[in-house]
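> Encoded as structure tokens, here's the structure I'll be asking about.
The values are calculated or read from the model by the stated rules, or taken from the named source; none is laboratory data. The structure presented is a predicted model; accordingly, all values stated were derived computationally and were not measured. Because the Cβ atoms are built from the backbone with ideal geometry, glycine has one as well, and the counts that use them run over all protein chains shown. Just the protein is used for accessible areas: all its heavy atoms, side chains included, with ligands, DNA and RNA removed. Shrake-Rupley method; radii C 1.70, N 1.55, O 1.52, S 1.80 Å.
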Protein chains: 2
Amino acid sequence: VQALILAGGSGTRFWPLSRRTNPKQLLALEGDRSLLQQTFDRLQPLVAPEAVWVCTTETLAEAVREQLPEVPPEQVLVEPVGRNTAPAIAWSVRTMPEAARQGVVAVLPADHRFGDPAGFRRVLAEAAEVALAEARILTLGVQPHRPETGYGYLELGEALPAWSGVRRVVRFREKPDLATAERFVESGNFLWNGGIFVFRGTVLLDRVERCMPELAAGVEAIAAAPERTAELYPALPADSIDFGVMEKLDDIATLPLDCGWSDLGSWEALAEILPTDAGGNTEHGDVLTVDCRDTLLWAEEGTVAAIGVEGLVVVRTGDAVLVMPKERAQDVKAIVERLKAEGRGERL
Amino acid sequence: VQALILAGGSGTRFWPLSRRTNPKQLLALEGDRSLLQQTFDRLQPLVAPEAVWVCTTETLAEAVREQLPEVPPEQVLVEPVGRNTAPAIAWSVRTMPEAARQGVVAVLPADHRFGDPAGFRRVLAEAAEVALAEARILTLGVQPHRPETGYGYLELGEALPAWSGVRRVVRFREKPDLATAERFVESGNFLWNGGIFVFRGTVLLDRVERCMPELAAGVEAIAAAPERTAELYPALPADSIDFGVMEKLDDIATLPLDCGWSDLGSWEALAEILPTDAGGNTEHGDVLTVDCRDTLLWAEEGTVAAIGVEGLVVVRTGDAVLVMPKERAQDVKAIVERLKAEGRGERL
């Protein structure tokens, strides 16, 4: 089994900790290993280090190679420009040697969290077994425990013959409204789309050719003349793999994951999974509190002191501090947009 | 008129901005001049720069001289150790040349604020006139506008003959409870003790001799052998001028001040006097806010960003951040005590 870790993201939801050159996947948010490193760790021993591939950007490649010294450096693939996940996956798979491409490939986001890595590996191994036996794309769907409106959902169909627990995906459902999400979760017939896909590389490339022929042709052109990658890659159609390929297929199957998954989509989501003290506070680094409750205090550099606050996120880095109620964590982007608009690149 | 500015304090109420080597009086909290510099500025043109004396500590002397280049350096008097205000004042006055000592001296805290400096000078000039004519100590009492329990009060007696508006002080009242403070303010017969005293130097020394003979003897011993200051000063009785002298006298008089006084006793007190934007926020330095109200955001270094918070104080320095509701501003000392207890001198 080959693993392809998608590590090109440049999200801003963990500002001021996450920056353009130090995005979420490179941050150690839980323990002392980064999310990328934990994604790598989580695969062991199922996927050998020399079978791990990472797709990332020019800006991050050096940091990725430093964080993952076990991965052969040439398997850290560098997109000339970010063109969304369909080109990243198709190009990365096509770049693998023939033998690897004909085997099973698991595509994994670099910045998600699983509380139960062993459980994750069991499901991944099962999906790999199915993918090896059947020419179809598998997804790992996350068992939903709340009517989240921020995720896409997979609607489940009949069970696959011969594979207990593997279900067809009837369709991909975009982020629903709250009433719809509640109905989805109550029905027991939906999983969250966690962005994890398992397939034989050749099957994926076949499906790309069927659904996105222009992308397939572009990827073949690069394979025929790798020295022209920088010239050809930027012209690839910039679709997500979900929109460009997965949603167009009717033979996708899924296995449910229930392993303490979180996409760590915000400071609030991080606070939910980190251990708290008796007052419900989570402290990272040099933190002093008096009468605080239910507060995430993060001192990346220097000291964070707080008195009598409740339900806040307080983050201090070497050059910035952010203070907000946890429930406003989605609005970090407003600060980041302001910095962009003001040309404050040194804080981004 | 000579002015003696007491600038030896080492308060911690403006932590993390105030530090042992950079206490409140040296901070520019309102505008770009420090409270010490504003205290000096406020005296002009009533008191010539060469008639200004500052009493401070070894730690702060260099910074004081840098901040007040107009004051003759030898008039920045350096206490070998802090021994409270009675020794500081008695020793400083005794150190002045005979001619200065026989004239009027105004003792002023270095870290208070007056919104109306011209009004302050008018009252100070009037007090100096009284002190020149009568052998008594004058205080400037602050007209109270709220039943503050954190200050001492001056209880007013009859008017002094021949001086309109000058009243005897019947007694000094220590910090009252709230009910008492309310009664004081309603009666119209009390002023806050703002720690400003005006007297002829010789009168002050006479009163010290009467009330604190040990201090008077010590100060005379130092005057007789100034080279032994470092040895003799630490043995002076460490009382406040209020407790050691003023409260024991029955001939003190006072003039009321109503000039936008604040002792800037906390971050909350500072927020009250600084200008606010439409949302009631006060911003200092590089601050970004989204949906904030009634919040003081102070970026001494780096960036402070806040989303959706209300009624907070957020202060960021190069090495620390403090977050608290304004009404908890008195509890900064709890953080400082914690740092002391943990031997964290680098943050103090």
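> How many percent of all Cα-Cα pairs in the range B:157-279 sit more than 25 Å apart?
So the pairs more than 25 Å apart make up 44 percent of the total in the range B:157-279.
> Separate question: Using a Cα-Cα cut-off of under 17 Å, which lysines could be cross-linked to B:LYS333, ignoring same-chain neighbours fewer than 8 residues away?
Once the sequence-local lysines are set aside, what remains near B:LYS333 is B:LYS24.
> Semi-axes, largest first, in whole Å: what does sqrt of 5 times each Cα gyration tensor eigenvalue give for the range B:1-128?
22, 19, 12
> Moving to a separate point now. Would you compute, from DSSP H runs of 4+ residues alone, the mean residue ellipticity of chain B at 222 nm, taking -39500 (n - 2.57) per run and dividing by the full residue count, rounded to the nearest 500?
Helix contribution divided over all residues of chain B: -9000 deg cm²/dmol.
> Give the nm distances, rounded to one decimal, from B:PRO69 to the matching residue in every other copy, measuring between label points 7 Å along Cα toward the beta carbon; shortest first.
5.4
> Expected output is a single nm value to one decimal: the length gained when fully extending between B:THR276 and B:GLN44, i.e. 0.36 nm times separation in residues minus the C-alpha distance. What is it?
Result: 80.6 nm gained on full extension.
> Mind listing the label-point distances from B:ARG293 to the same position on all other copies, shortest first, one decimal in nm, points 7 Å along Cα→Cβ?
Distances to the matching label points in the other copies: 2.1 nm.
> Please list 3J(HN,Hα) in residue order for the range A:147-154, calculated via the Karplus relation 6.51 cos²θ - 1.76 cosθ + 1.60 where θ = phi - 60°; whole Hz, with x for glycine and proline.
Each residue's phi maps through the Karplus curve to give x, 5, 9, x, 10, x, 10, 9 Hz.
> Which residue fluctuates most in the GNM of chain A (Cα springs below 10 Å): A:VAL314, A:VAL76, A:VAL208?
Of A:VAL314, A:VAL76, A:VAL208, the most mobile in the Gaussian network model is A:VAL314.
> Still on this structure, please answer the following. Springs between alpha-carbon pairs under 10 angstrom, Gaussian network model over chain B: which of B:GLY265, B:GLY308, B:GLY31 fluctuates most?
Taking springs between Cα atoms under 10 Å, the residue moving most is B:GLY308.
> Quick check: the angle from helix B:58-67's long axis to the longest principal axis of chain B, C-alpha only, nearest 10 degrees?
80 degrees
> Moving on. How many percent of the accessible area of the range A:8-106 is carbon or sulfur, using a 1.4 Å probe?
Result for the range A:8-106: 49 percent of the exposed heavy-atom area is carbon or sulfur.
> Under the rule of at least 5 residues apart or a separate chain, name every residue whose amide H is placed under 5 Å from the amide H of A:ALA3.
A:VAL52, A:TRP53, A:ALA106
> Pop out the Kirkwood hydrodynamic radius of the range B:1-72 from its pairwise C-alpha distances, inverse of mean 1/r, in Å to one decimal.
Hydrodynamic radius (Kirkwood, Cα pairs) of the range B:1-72 is 12.4 Å.
> Right, another one. Could you pull the Rg and Dmax for the range B:79-165, using just the Cα atoms, both in Å?
Cα radius of gyration and Dmax of the range B:79-165 are 15.3, 43 Å respectively.
> What does the average come to when, for each residue of peptide B:333-345, you count the partner chain Cβ atoms lying within 10 Å of its Cβ?
2
> If we hang a label 7 Å off Cα along the beta carbon direction at A:ASP177, how far is it from the matching labels on the other copies, in nm, shortest first?
Reported distances to equivalent positions: 5.9 nm.
> Let me ask something else about it. One quarter of the convex hull surface, Cα atoms only: what value does that give for the range A:89-243 in nm²?
Averaged projected area of the range A:89-243's Cα convex hull equals 10.3 nm².
> How are the C-alpha pair distances of the protein assembly as shown spread across 10 Å bins, as whole percents from the shortest bin up?
Taking all Cα pairs of the protein assembly as shown, the binned fractions are 3, 13, 19, 17, 13, 10, 8, 8, 7, 3, 0, 0 percent.
> How high is the FRET efficiency between A:ALA159 and A:GLU74 when r is their beta carbon distance and R₀ equals 35 Å, given to the nearest 0.05?
Efficiency, from the Cβ-Cβ distance: 0.30.
> Turning to a different aspect of this structure: Please determine, in degrees from 0 to 90 and to the nearest 10, the orientation of helix B:117-133 with respect to the longest principal axis defined by the Cα atoms of chain B, where the helix direction is its Cα long axis.
20 degrees
> Going from most exposed to least, what order do A:LYS248, A:LYS326 have by accessible area with a 1.4 Å probe?
Result, largest first: A:LYS248, A:LYS326.
> In percent, what relative contact order does the range B:9-52 have, based on Cα pairs under 8 Å that are 6 or more apart in sequence?
22 percent.
> Here's something else I'd like to know. What number, in percent, do you get for the relative contact order of chain A if the mean sequence gap of Cα pairs under 8 Å and at least 6 apart is divided by its residue count?
19 percent
> Applying the Karplus parametrisation 6.51 cos²θ - 1.76 cosθ + 1.60 with θ = phi - 60° to the phi angles of the range A:264-271, what ³J(HN,Hα) value in whole Hz is obtained for each residue in order, glycine and proline being reported as x?
Karplus values, whole Hz, x for Gly and Pro: 6, x, 6, 4, 5, 4, 5, 4.
> Just to check I understand the Karplus step: with θ = phi - 60° and J = 6.51 cos²θ - 1.76 cosθ + 1.60, what whole-Hz values come out for the range A:75-91, glycine and proline as x?
Those phi angles translate into 8, 8, 8, 10, 5, x, 9, x, 10, 6, 7, 4, x, 4, 6, 4, 5 Hz.
> Still on this structure: Just the number, please: Stokes-Einstein D of chain A in µm²/s, Kirkwood Rh from C-alpha pairs, 37 °C, 0.692 mPa s.
154 µm²/s
> To the nearest 10 degrees, how steeply does helix B:332-341 sit against the main Cα axis of chain B, on a 0 to 90 scale?
The angle comes out near 90 degrees.
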